[in-house]
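Written below as structure tokens is the structure these notes are about.
The values are calculated or read from the model by the stated rules, or taken from the named source; none is laboratory data. Since the model is a prediction, treat every value here as computed from it, not as a measurement. Here the Cβ is made from the backbone with ideal geometry for all residues, glycine too, and neighbour counts use every protein chain on show. The accessibility values were calculated without ligands, DNA or RNA, using every heavy atom of the protein model including side chains. Shrake-Rupley method; radii C 1.70, N 1.55, O 1.52, S 1.80 Å.
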Amino acid sequence: MRTVCLLCAYLNNGDRMATLNVYLADDLKARMSRHSLNWSQIAATAIETAINIEERKEVSMEQAALERLRAQRQTVAQQREADGEAKGKTWALSADYETLERVASIDLDAADYSDEGAIVYVLAAALLDDDRASRREVGDCIRETFGVDKISDDMASGFIVGAAAVFGEV
């Protein structure tokens, strides 16, 4: 094996470029010697191409991971909404009429519910018949209704849809 210094050069302005030693088989070095090519430029281009490919792979892997996580988030959201809808239907069958009417009258499309927990709060306010309910009261209402300390907006939305479906049958 021979060492060939491929990237030893100076720029026109006198700045030195980086040096890279490349180990080649003797027969490859002999073949290179028969050609008057800019081996430094060829090596630099090949190295840059390899780096670009690796960087694209990293971006592609990151994109693939993000797409996978987005799909999982969507699946989890749909499952939570379906669970909430089933819970809302079950709840509605034993609810009093006025409370059911308040929950069923929540228009999920009419307001901006982009803040996390906004739908949960609106649902709890309807269940409590108190649109100024404290966080503690909302938490107590959610625990009593769902049997857990916290629910997602997806579940609350599904609950409203399920309750409204039963209300529509009344």
Over all directions, what mean area does the Cα convex hull of the chain project, stated in square nanometres?
-> 19.8
Roughly speaking, what is the stretch gain from R34 to D115, that is 0.36 nm per residue apart minus the C-alpha to C-alpha distance, in nm to one decimal?
-> 22.1 nm
Once amide H atoms are placed 1.01 Å from N in the peptide plane, what residues at a sequence separation of 5 or more from L20, or on another chain, have their amide H within under 5 Å of its amide H?
-> L6, L7, C8
How high is the relative contact order of the chain, in percent, with contacts defined as C-alpha pairs under 8 Å that are six or more residues apart?
-> 25
Apply the Debye scattering formula to region 83-170, with a single equal point scatterer on each alpha-carbon and no solvent, then give log10 I(q)/I(0) at q = 0.18, 0.19 Å⁻¹.
-> -0.69, -0.77
Measuring from label point to label point, each 7 Å out along Cα→Cβ, what is the R136 to D107 span in nm?
-> 3.5
A chain fully extended from I47 to R70 at 0.36 nm per residue, minus the present Cα-Cα distance, gains in nm 4.8 nm
From phi via Karplus (6.51, -1.76, 1.60), per-residue ³J(HN,Hα) for region 32-41 in Hz, x at Gly/Pro = 4, 5, 7, 10, 9, 10, 7, 5, 4, 5
Hz values of 3J(HN,Hα) by residue in region 89-94 - Karplus curve (6.51, -1.76, 1.60), Gly and Pro given as x | 5, 4, 4, 4, 5, 10
Ignoring ligands, DNA and RNA, what percent of the 1.4 Å accessible area of the chain is carbon and sulfur?
-> 51
